[in-house]
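The values are calculated or read from the model by the stated rules, or taken from the named source; none is laboratory data. If you're wondering where the values come from, they're calculated on a predicted model, not measured in any experiment. Because the Cβ atoms are built from the backbone with ideal geometry, glycine has one as well, and the counts that use them run over all protein chains shown.
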Amino acid sequence: MNISLIIATYNRGSAIAPTLTSALQQSVPVDELIVVDDGSTDDTANWVRENFPSIKLITKKNGGTSSARNAGARSAGGDWLMFLDHDDLLLPSAVECLVGLSQQYLEAASLHADHIYDNVASGVRHENHHYTLPAFRRLLDTEAVNQMSNSRLYGYPLYRSLLRGNLLQQPYMVRRSVFEAIGGYSEDVRYCEDWDLYLRIAQQYQVAVADDVISRHVIEGENLHLTAAEKQELMYERVLRRRWRSHRWLQVTENRIARQKLAAIYKTQGDRAWREGTGSVAWRKYLGSALNWPFDHVVLARLLWWAVPAIGDLRRADVESV
């Protein structure tokens, strides 16, 4: 297999050095390493060019992570594409692990493994993210097509599990033919672009996951998912609506999960508007939640809280018009 490793970066500067070094120090080397500079306003591109001349460097106008990764994929020569964030570190056996996984499960379209979660800002660290974080236990509970001592091959049931929330992480490998067939990364999706891609892969193809830890996922500051919560909710809504529209009417379980997740998003948005005193926005969001059953009972209570006075006003208006 011919592997192209793609790293999208923006204003990382010399801080990208550990990531690039880890990618070059693999027990099984990749065939090409591509860095895509997404319109950095600092000297990142020149720094990479001067300090890592063996790396293929692409510069482009800023367009976001998805756009940068797609640009890297288009220029890649490998039949397998591997993606890595510019602040994460590969363990020396990372590529070797994923290559071995591809040989165990020849039918797999994408290959994933476990990682160390290391939030250096908060001090929270998980040595085996999939095992120590409760939310990821759903991955181990998902029905597998085939299973070995430390790895599993998943079919369509993984798609249903992913609809409830992301369970897969970078770094990972995907067949280039599959990446191109599903259209690559959605360039109008941010904050959850990986989840969107994994969903589209799992909906049509088989996915292999190893329990081996192959990388260190580093969080250096505040979690982007928290600081950009409102924007992320909009992206989640976009992704879920697209998946919902891709389902057939008879896919009852998938439709229920998507509607339930949408209902939860609308409730969260309604709660925020309620706290901020924006009644009309809150009412619309709660109504949207109620239309996507099942929904939280608080949604119904607050809709009734608005509806009863409104009905009273209408009745008074009828009386006064007589």
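Here are a few things to note about the model shown:
- Pairs, first among the acidic types (Asp, Glu) in segment 101-124, second assigned to a helix (DSSP H, G or I), C-beta under 7 Å, six or more apart: ASP114/HIS129; ASP114/HIS130
- As a summary of the residue check, VAL30 satisfies the conditions (1) surrounded by fewer than 16 Cβ atoms within 10 Å (Cβ to Cβ); (2) at negative phi except for the one numbered (1).
- Some residue of segment 63-78 being without any contact (Cβ under 8 Å) to a residue 60 or more places away in the chain and in a strand (DSSP E or B): no
- Candidates GLU107, GLU127 - the one that is in the same structural domain as VAL218 (by TED's automatic domain parsing) and either polar (S, T, N, Q) or at pLDDT 95 or above (or both): GLU107
- Residue tally, condition crowded, with 20+ Cβ neighbours inside 10 Å and touching a Cys at 6+ places or on another chain (Cβ under 8 Å), over segment 174-216: 2
- Breaking point among (1) over 20 Å from the mean Cα position of the chain (by Cα); (2) not in a loop (DSSP other than H, G, I, E, B), for GLY123: (2)
- If you go through segment 47-60 and keep only what is surrounded by 14 or more Cβ atoms within 10 Å (Cβ to Cβ) and farther than 17 Å from ASP87 by Cβ, you end up with ARG49, LYS56, LEU57, ILE58, THR59, LYS60.
- Test: ARG74 is under 27 Å from ALA113 (Cα atoms) and exposed (fewer than 13 other Cβ atoms within 10 Å of the Cβ): yes
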